[in-house]
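These notes are about the structure you will find just below.
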Amino acid sequence: MSRVALLRLAVVVGFVAVVELLCRLGVITPLTMIPPSAMLLSLVHLIADGEVNADLVFTLTNIAAAITLSIVSGFILGVIIHALPRLRRVVDPLLAAYYAVPTFVFYPLLLVVLGVNRLPLIVIGAMFGVVGMTVSTIDGIDRIPRVLMKTASAYDMNPITAALLIKLPAATPHLFTGVKLAVTYSVIGVVAGEFILSIAGMGRSIAFAYNDLDNTKMYGLLLLLLTITTLLNVALQLIEQRLYKRWGRA
Amino acid sequence: MMAVARPSEADVEPSAPIAGATLGAEGITHVFASAAGGPGVKALDNVDLTLARGEFFSVIGPSGCGKSTLLEIASGLMVPTEGQVSFEGNVLRGKVPDGIGIVFQEDASFAWLSVWDNVAFGLRRRSVDPAEIRRRVDYAVAFMGLQDFSQSYPAQLSGGMRQRVCIARTLVLQPRLILLDEPFGALDQQTRLLMGEEVLRLWRETGATVMLITHSLDEAAMLADRVGIMSARPGRFIETLSTGWPRERDSGIVADPRFGELTAAMWSLLRAESMRSMRRGGA
């Protein structure tokens, strides 16, 4: 491990240790936060009891679906917008302003259209991630060397084949920014949706634990969610590093 | 050094059209439309070109004279504003036909594929039998001296080796016409000479017709049977010189006195055009 990584780890461990100390000393009351060690213990119990398994599977399935939907639709939209310069000129400012729109305002509409089930959660998660992926795709295709597109023409590829065989792999290092955004936003969208919809999932469990003032369970669930998203991001980071190394990009 | 037959003075005279043509271009004029809606930029002006089967033809000219445009039109990648190009008797209409292979100046290797998979790319697109793909790719990889790097990725190779990957990817499709757009432009002089030898070997062994676009007088004189010299923009052929080199040749011919005569003849034709191009900001 590099010196910088060690320092980074030390900062995190130090922060956790300080919070632990403050909680143990009563500076932070148990009603506000429980000690990190208690959170870990709660997480272990929750997993061992199997109490959250169904909610965990529900949430992870929704997140996986939202991520897939946002990445695939974001890529397709990006390819189409890039291929149509006039459309791009029209939608560019809209894409730039997209995240200024509180996507959750569409939640009631989604419930009416899609029903009270997991679909609105998946769609809201995907809506959060799709534009990040679209913008990254447009940017990634912009960066593809022109010679590769000439090569695609030399192989007489149609636009779809060129998108799949040349544009997608050539733009992959740049698409990773979009993928990471899609993952993060999808998690936020799905979990936040579960808070509101309250039919099932980690979001609902956290909300219920909060309403019951069950801080031990709530922080255990939060830690579980945090661990999963961190592992997801670390996995993405490793894949990205491996790709960059293989493809010779810094 | 190999023995080089010394061409006569007549060989530097304009050559006559050749029968049994692989590529024929008639009255090619190309105008790039102006983004501002102005008159546009005329890149080529009434270019005629005939390449005989198995011939090695080099095109040389000042920067911005339309050499690469001519190559893209000759390949079918681009449709000319006026005139037409035919390959083996069939008129090209904005599509690269089977039998034409192109190697670009820039690195066009696929960074996400190994050397072997890069070379196999075109064959897989054509759904060639896997055993045949293996045979042809192994041959092309070995032919370009890349057998020790077949599982490497382009980022792990030098610029010259990446260009060899691109040549192997073209070679494996067994093109009858190979179009090379300044393929050694980014390489150092020694590597260029060696790569030139590779291309000569490729040309001899495949029997393909080759058209090479280059900025280098030496490269054009060393590699080609004929050298077409283009004017400053709008490009047209102001002269075509035959080199008279034997088919069995290598970079050793640069030491032949005739080589100097050829490059001097080319430069005397090019100098005024290059100065015109420079004054316009083309170089």
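The values are calculated or read from the model by the stated rules, or taken from the named source; none is laboratory data. No experiment lies behind these values; they were computed from the predicted model shown. Note that each Cβ is placed from the backbone with ideal geometry, even for glycine, and that neighbours are counted across all protein chains shown. SASA here: full protein model, heavy atoms, side chains in, ligands and nucleic acids out. Shrake-Rupley method; radii C 1.70, N 1.55, O 1.52, S 1.80 Å.
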> Do the conditions hold for A:ALA207, that is, is it in contact with a helix residue (DSSP H, G or I) (Cβ under 8 Å, 6 or more places away or on another chain), away from chain B (no Cβ under 14 Å) and not in a helix (DSSP H, G or I)?
Replying inline: no
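Let's see how each residue does on (1) over 18 Å from the mean Cα position of the chain (by Cα); (2) among the acidic types (Asp, Glu); (3) at positive phi; (4) open to solvent by 50 Å² or more (accessible area, probe 1.4 Å):
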residue	(1), (2), (3), (4)
B:LEU70	no, no, no, no
B:PHE87	no, no, no, no
B:GLU106	no, yes, no, yes
B:ALA111	yes, no, no, no
B:VAL128	yes, no, no, no
B:ARG135	yes, no, no, yes
>> If I filter region A:121-147 down to residues being within 14 Å of another protein chain (Cβ to nearest Cβ) and open to solvent by 10 Å² or more (accessible area, probe 1.4 Å), which single residue comes out as nearest to B:GLU72 (Cα to Cα)?
In response: A:ARG146
> Taking region B:73-90 as the search range and keeping residues that are in contact with a helix residue (DSSP H, G or I) (Cβ under 8 Å, 6 or more places away or on another chain) and more than 13 Å from B:LEU23 (Cα to Cα), which one is farthest from the other protein chains (Cβ to nearest Cβ)?
Replying inline: B:PRO80
>> For A:LEU213, only one of the following conditions fails: (1) closer than 25 Å to A:VAL123 by Cα; (2) part of a loop (DSSP other than H, G, I, E, B). What is its number?
In response: (1)
>> Cβ-Cβ distance below 8 Å, separation of 6 or more or different chains: which pairs start in region B:121-145 with a residue that is not assigned by TED's automatic domain parsing to the domain that holds B:SER158 and end on one that is surrounded by 19 or more Cβ atoms within 10 Å (Cβ to Cβ)?
In response: none
> Taking region B:43-64, which residues are open to solvent by less than 10 Å² (accessible area, probe 1.4 Å) and not in a strand (DSSP E or B)?
Replying inline: B:GLY61, B:PRO62
> Out of region B:60-105, which residues are of a type in the set (Asp, Glu) and more than 30 Å from B:THR263 (Cα to Cα)?
Replying inline: B:GLU82, B:GLU88, B:ASP98
> What tally of residues in region A:189-215 results from selecting those that are surrounded by fewer than 18 Cβ atoms within 10 Å (Cβ to Cβ) and β-branched (Val, Ile, Thr)?
Replying inline: 2
> Would you call B:GLY122 within 9 Å of another protein chain (Cβ to nearest Cβ), part of a helix (DSSP H, G or I) and surrounded by 15 or more Cβ atoms within 10 Å (Cβ to Cβ)?
Replying inline: yes
>> For the condition outside the structural domain of B:VAL85 (by TED's automatic domain parsing), buried (at least 19 other Cβ atoms within 10 Å of the Cβ) and of a type in the set (Val, Ile, Thr), what is the one hit in B:VAL165, B:VAL199?
In response: B:VAL165
> For B:SER231, all conditions in the list (1) in contact with a Gly (Cβ under 8 Å, 6 or more places away or on another chain); (2) surrounded by fewer than 20 Cβ atoms within 10 Å (Cβ to Cβ); (3) more than 14 Å from chain A (Cβ to nearest Cβ); (4) of a type in the set (S, T, N, Q) hold save one; what is the number of the exception?
Replying inline: (2)
> Residues A:ALA170, A:ALA163, A:ALA200, A:ALA192: which one is touching a residue at least 60 places away in the same chain (Cβ under 8 Å), aliphatic (A, V, I, L, M) and over 30 Å from A:HIS45 (Cα atoms)?
Replying inline: A:ALA163
> Taking helices (runs of 4 or more DSSP H) that fall entirely within region A:46-120, which contain at least 3 residues that are open to solvent by 30 Å² or more (accessible area, probe 1.4 Å) and at pLDDT 90 or above?
Replying inline: A:53-83, A:85-97
> more than 10 Å from chain A (Cβ to nearest Cβ) and either outside any loop (DSSP other than H, G, I, E, B) or surrounded by fewer than 18 Cβ atoms within 10 Å (Cβ to Cβ) (or both): does that describe B:ALA155?
Replying inline: no
> Looking at region A:29-67, which of its residues are of a type in the set (S, T, N, Q) and closer than 21 Å to A:VAL116 by Cα?
Replying inline: A:THR59, A:THR61, A:ASN62
